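Working notes for the structure below.
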Amino acid sequence: MISLAVNETIARAVEVLRENDHGDYTIPTKGLYPFQWNWDSCLTALGLAHYDEARAWTEIETLFAHQWPDGMVPHIVFHVLNDSYFPGPEVWRTNRPTATSGITQPAVAGFAVRRLFDRAKDKKLAAERARALLPKIDAWHRWFYENRDPRGEGLVAIIHPWESGRDNSIDWDDAFERVPTEGVEAYTRRDTLHADPAHRPTKAQYDRYLWLLQHFRALGWDNAKLHDASPFQIVDPGFNAILIRSAADLADLAETLGEMEIAKANRARAEKGLLAMERLWSDAHGQYLCLDRVIGKLVDSASVGGILPVFSAIPKPRIAAIAATIERIAGKARYIVPSHDLDDPRFDAKRYWRGPVWLVVNYMIADGLAASGHTQVAQRITRSSVDLIAESGFAEYYDPLSGEPLGGGRFTWTAAMVIEFLKSER
Ligand code: DGY
């Protein structure tokens, strides 16, 4: 039987989704993020599907309606004018029919679409909507390997920290030393009006985010040039794992729908990526690490980006080692999974991606662990996530030591993930 408390929490989560729903897309939260964000939307669709399947498909379709001709799916679609966010369209200047940013985000659409399809009550509707999305997601995957893996290594690089979604991770600190700040145009941040500056990236980081943006803009947002021209090229294991999982899921879905070419291409991408991922493994940390492609060296920084690969079909011993790493971390943090190793002196319990717990990441990690038989650790992550909501509401992220809610409030993807966690616990 479903308890009253669970039903009540789901109802509260649905309220958050409805509040942020703009008809055919959902904003992450009012004030701080007033447009459509790429991976937010894809994960949010899973929550929407619990009460409106057609609306869930629309969420992803709206995002893909703004795919670039070269296949890239931008990280922000600026559907409306709103000056509560910086940097807005006047800074990006990407010259798209509807303004968008000029960089991308973790490719979680393939995974989300397959999950929507598998769970759909209305299979006819799902087949129709999924079939139309397949070639678009396939084109995005192709874009990644053509533009972000120019030497065919099997792993793609991000060229801006915002692409990873883990904006101010400790993973980027060393590479950021190489990103200059000369020539950055004067700017006023808006994020610190909506969230505590102590929970957000620093000015030094913002200067570099903007230097990269201006650098790419000066190159006309030509993706054929940007990778090699960027002083920041990082192979993030979590980012790659999400792409690999999405490629594998897209392959399965394409097979079901009889789209064999798409299936074959995506199966090959996933297999090549999984083999290449071995290069990123660290025995010392019991997890994967980022590779700084500019200098060809692994980055000595144990972040959740190196734990996320359990979301993809990495070898069983690697999954077991990561499960043990999470258990070690769980011995020190009240709530798991923190976005950075607590033993690292650079760990910061409150600052965005330098320590806090994020429920979307927990969802993907728990999903991978459960699928590979590590049910106890998976359940522990789910429990932590549900406890955080009960104690601190639908925050953007949480302090892993105290559970304090951090960043923006009434957060869409947190609400979507809570619905997911609670339904899976039943
Ligand atoms: C921001 O502005 O904080 C976003 O994370 C960039 O996508």
Task: Criterion: among the small types (Gly, Ala, Ser) and under 21 Å from the mean Cα position of the chain (by Cα) - qualifying residue of Ala54, Ala45 - done: Ala45
Open item on the list: Is it the case, given these coordinates, that Trp143 is under 23 Å from Leu274 (Cα atoms), in contact with a Ser or Thr (Cβ under 9 Å, 6 or more places away or on another chain) and not basic (Lys, Arg)?
Closed with: yes
Task: Selection within segment 179-207 - more than 13 Å from the ligand (Cβ to nearest atom) and either closer than 23 Å to Ser339 by Cβ or in contact with an Asp or Glu (Cβ under 7 Å, 6 or more places away or on another chain) (or both) - done: Val179, Thr181, Val184, Asp196, Ala198, Lys203, Ala204, Asp207
TODO: Return yes or no: is Pro338 under 24 Å from Trp39 (Cβ atoms), of a type outside the set (D, E, K, R) and in contact with a Leu (Cβ under 8 Å, 6 or more places away or on another chain)?
DONE: no
TODO: From (1) more than 20 Å from Thr44 (Cα to Cα); (2) surrounded by 19 or more Cβ atoms within 10 Å (Cβ to Cβ), pick out the condition that doesn't hold for Phe411.
DONE: (1)
Open item on the list: When the residues of segment 371-387 are narrowed to those that are free of Cβ contacts under 8 Å to residues at least 24 places away in the same chain and among the aliphatic types (A, V, I, L, M), which ends up surrounded by the fewest Cβ atoms within 10 Å (Cβ to Cβ)?
Closed with: Ala371
Open item on the list: I'd like the full set of residues that are free of Cβ contacts under 8 Å to residues at least 40 places away in the same chain and either within 15 Å of the ligand (Cβ to nearest atom) or under 27 Å from Arg346 (Cβ atoms) (or both), limited to segment 215-231.
Closed with: His215
- [ ] Test Gly88 against the criterion of being among the small types (Gly, Ala, Ser) and under 28 Å from Leu308 (Cβ atoms), and give yes or no.
- [x] no
- [ ] Could you grab me the full set of residues in segment 396-411 that are under 18 Å from the mean Cα position of the chain (by Cα), part of a loop (DSSP other than H, G, I, E, B) and not charged (D, E, K, R)?
- [x] Gly407, Gly408, Phe411
TODO: Please name all residue pairs, on different chains or six or more residues apart, with Cβ atoms under 9 Å, provided the first residue is in segment 183-204 and is over 14 Å from Arg354 (Cβ atoms) and at pLDDT 95 or above and the second residue is assigned to a helix (DSSP H, G or I) and basic (Lys, Arg).
DONE: Val184/Arg208; Arg189/Lys203
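Let's see how each residue does on (1) β-branched (Val, Ile, Thr); (2) closer than 30 Å to Val91 by Cα:
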| site | (1), (2) |
| --- | --- |
| Asn223 | no, yes |
| Asp228 | no, yes |
| Asp249 | no, no |
| Glu259 | no, no |
| Ala265 | no, no |
| Leu291 | no, yes |
| Gly296 | no, no |
| Val304 | yes, no |
Open item on the list: Based on this model, can you work out whether Arg119 counts as buried (at least 19 other Cβ atoms within 10 Å of the Cβ), under 26 Å from Tyr363 (Cβ atoms) and not polar (S, T, N, Q)?
Closed with: no
Task: Residue satisfying condition, being touching a Ser or Thr at 6+ places or on another chain (Cβ under 9 Å) and over 20 Å from Gly408 (Cα atoms), within set Ala204, Ala186, Ala218 - done: Ala204
Open item on the list: With among the aliphatic types (A, V, I, L, M) and within 16 Å of the ligand (Cβ to nearest atom) as the only criterion, which of Leu289, Leu212, Leu298, Leu280 stands out?
Closed with: Leu212
TODO: State the number of residues belonging to segment 407-426 that are modelled with pLDDT of 95 or more and acidic (Asp, Glu).
DONE: 1
Open item on the list: Based on this model, can you work out whether Asp348 counts as within 15 Å of the chain's Cα centre (by Cα) and of a type in the set (D, E, K, R)?
Closed with: no
Task: Wholly within segment 1-116, helices (runs of 4 or more DSSP H) carrying at least 1 residues that are crowded, with 24+ Cβ neighbours inside 10 Å and more than 15 Å from the ligand (Cβ to nearest atom) - done: 4-19, 38-48, 53-64
- [ ] List every residue pair whose Cβ atoms lie under 8 Å apart, where the two residues are 6 or more positions apart in sequence or sit on different chains, the first residue falls within segment 317-328 and is closer than 16 Å to Asp367 by Cα, and the second residue, located anywhere, is of a type in the set (A, V, I, L, M) and not in a helix (DSSP H, G or I).
- [x] Ile322/Ile307; Ile326/Ile307; Ile326/Ile336; Ile326/Val337
Open item on the list: Take Ala390 and tell me if it is among the small types (Gly, Ala, Ser), in contact (Cβ under 8 Å) with a residue 60 or more places away in the chain, surrounded by fewer than 24 Cβ atoms within 10 Å (Cβ to Cβ) and not in a loop (DSSP other than H, G, I, E, B).
Closed with: yes
Task: Filter result (charged (D, E, K, R) and free of Cβ contacts under 8 Å to residues at least 60 places away in the same chain) within segment 68-98 - done: Glu90, Arg96
Open item on the list: Looking at Glu128 and the list (1) more than 21 Å from the chain's Cα centre (by Cα); (2) in contact (Cβ under 8 Å) with a residue 40 or more places away in the chain, which single condition is not satisfied?
Closed with: (2)
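The values are calculated or read from the model by the stated rules, or taken from the named source; none is laboratory data. Please read all numbers here as calculations on a predicted model, not as lab measurements. So basically every Cβ, Gly included, is an ideal-geometry build from the backbone, and we count neighbours across all protein chains shown.
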